[in-house]
Amino acid sequence: DQIGGIPDVLGPWQLDWLRAAGLKPSDTLLDLGCGTLRLGLHALTYLTPGNYTGVDPGEGLLADGRALASEAGTLARAHAIENLMWLDARPALSVDFVMTQSVINHLDAAGVEITARRVAHHLSSDGVWLGTAAFDDTLTGLSPGAAHPDRPHECLHARMHFEWFAG
């Protein structure tokens, strides 16, 4: 309810999407914007213990995600489930996969640029970045939409031109 979507449908869908892109149990995954572990709850059972890292700026979301993983008996399988600032203080993790599901499409221009830098810093040179974004060919740059009523630094309906994002 806190992050939207249907966790028992979208979590497995995200894992299937990663697997179709080549994710194996022995690979490492950074779930950037993990929220309440919609993907994480499924990835923790699929990946080798220690190969899942989830980060999010929302402390309440993380607490709920940790509680759900603890209830499922999978919390100890995580490398880390931490605040976004924890990630920023780390040397490069060199992960095989980064997932940014429903992250880019909720950020302003500065947030998109920071996220792209985070991904570039922590993704291995032959790694794979999957995520969602709303691209719009009628824009010349980025339209961050409206401010989210409940979450600071988050936007609703952010859209961007692909060339702007690629830059």
Given Cβ point charges of +1 (Lys, Arg) and -1 (Asp, Glu) and nothing else, what value in debye, to the nearest 20, does the dipole of segment 50-167 about its Cα centre take? 220 debye
FRET efficiency for Arg151 and Asp16 from the Cβ-Cβ distance with R0 = 35 Å, rounded to 0.05, comes out at 0.80
Computed from the mean reciprocal separation of all distinct C-alpha pairs, what Kirkwood hydrodynamic radius does segment 1-79 have, in Å? 12.3 Å
Going by average Cβ neighbours within 10 Å, how do the peptides 151-159, 115-123 rank, with the highest at the top? 115-123, 151-159
Could you work out how far apart the two model spin labels at Ser70 and Ala134 are, taking each label as a point 7 Å from the Cα in the direction of the beta carbon, and quote it in nm? 3.6 nm
What spacing in nm lies between the two simple spin-label points modelled at Ala80 and His121, each 7 Å away from Cα in the Cβ direction? 1.1 nm
Between Glu59 and Ser94, how high is the FRET efficiency from 1/(1 + (r/R0)^6) when r is the Cβ-Cβ distance and R₀ = 25 Å? Nearest 0.05. 0.40
Return the calculated 222 nm mean residue ellipticity for the chain, to the nearest 500 deg cm²/dmol, obtained by summing -39500 (n - 2.57) across DSSP H runs with n ≥ 4 and dividing by the residue count. -10500 deg cm²/dmol
How do 97-108, 129-140 rank on mean C-beta neighbours within 10 Å, highest first? 97-108, 129-140
Could you report the chain's accessible area per residue, 1.4 Å probe, as an integer in Å²? 51 Å²
Heads up, the chain by the C-alpha gyration tensor (a ≥ b ≥ c square roots of eigenvalues; a/c under 1.5 rounded, else a/b over b/c prolate, else oblate) looks prolate
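The values are calculated or read from the model by the stated rules, or taken from the named source; none is laboratory data. Computed from a predicted model, the values in this text were never measured in an experiment. As a convention, Cβ positions derive from the backbone with ideal geometry for all residues, glycine included, and neighbour counts pool all protein chains shown. With ligands, DNA and RNA removed, areas are computed over all heavy atoms of the protein, side chains included. Shrake-Rupley method; radii C 1.70, N 1.55, O 1.52, S 1.80 Å.
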